[in-house]
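Structure record follows, encoded as structure tokens.
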């Protein structure tokens, strides 16, 4: 659920510094998604995703920790493979997409965790509530060119959140003990990003 969001920001961290200063990369919405999993009835994991994610990464190619990320997820794009459940998740019990149509993420700090891994700290806003989250970033690929000569890269990032921190408090107590939906939600972002061409000199 989280968004994820969110985050989208993570893609920037997968890149090995290229020649130059700051470049702009945009999330490819057609090839990116925010996946989530949550424990259901204490016995199994329900998995789903948000399929509409957009965002921009301002990449400092000299020092990645000085980069920034901003992303947005269309909350109504949630998909768990069961229409009735998806409609419930869009309702006031959960994301209330009629009032809160997007899930947003904006980075506040990027830190190097190891040789090729980073942590992105940022503000995640969901259902009108903003909380700080930390994303663990796993680089997937070095930049490559597609058939049209556009530079692309990809990355995976993960985090865990407590849904109640964002006002998603609906639940049901089971007769056998426990609850229908766990509080902890695991999030994984699969992002493909495109380098935006620099404006031509006049």
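The values are calculated or read from the model by the stated rules, or taken from the named source; none is laboratory data. Note that the structure is a prediction, hence the values are computed from the model and not measured. So basically every Cβ, Gly included, is an ideal-geometry build from the backbone, and we count neighbours across all protein chains shown.
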- prompt: Among the residues of the stretch 76-93, is any touching a helix residue (DSSP H, G or I) at 6+ places or on another chain (Cβ under 9 Å), surrounded by 19 or more Cβ atoms within 10 Å (Cβ to Cβ) and assigned to a strand (DSSP E or B)?
  reply: yes
Filter result for residue 72 (within 18 Å of residue 166 (Cα to Cα), in contact with a helix residue (DSSP H, G or I) (Cβ under 6 Å, 6 or more places away or on another chain) and assigned to a strand (DSSP E or B)): no
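For (1) at pLDDT below 95; (2) over 16 Å from residue 67 (Cα atoms); (3) touching a helix residue (DSSP H, G or I) at 6+ places or on another chain (Cβ under 6 Å); (4) outside any strand (DSSP E or B), each residue gets a yes or a no:
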site: 133; (1), (2), (3), (4): no, yes, no, no
site: 138; (1), (2), (3), (4): yes, yes, no, no
site: 149; (1), (2), (3), (4): yes, yes, no, yes
site: 155; (1), (2), (3), (4): yes, no, yes, no
site: 164; (1), (2), (3), (4): yes, yes, no, yes
site: 170; (1), (2), (3), (4): yes, yes, no, yes
site: 192; (1), (2), (3), (4): yes, yes, yes, no
site: 197; (1), (2), (3), (4): yes, yes, no, yes
site: 200; (1), (2), (3), (4): yes, yes, no, yes
task: Report, by residue number, each residue of the stretch 114-130 that is in a strand (DSSP E or B), in contact with a helix residue (DSSP H, G or I) (Cβ under 7 Å, 6 or more places away or on another chain) and surrounded by 15 or more Cβ atoms within 10 Å (Cβ to Cβ).
output: 118, 120, 122, 126
Single condition residue 102 does not satisfy, out of (1) closer than 20 Å to residue 38 by Cβ; (2) surrounded by 15 or more Cβ atoms within 10 Å (Cβ to Cβ); (3) without any contact (Cβ under 8 Å) to a residue 60 or more places away in the chain: (1)
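Across the stretch 50-68, what is the number of residues that are assigned to a strand (DSSP E or B) and within 11 Å of the chain's Cα centre (by Cα)?
Total satisfying the criteria: 4.
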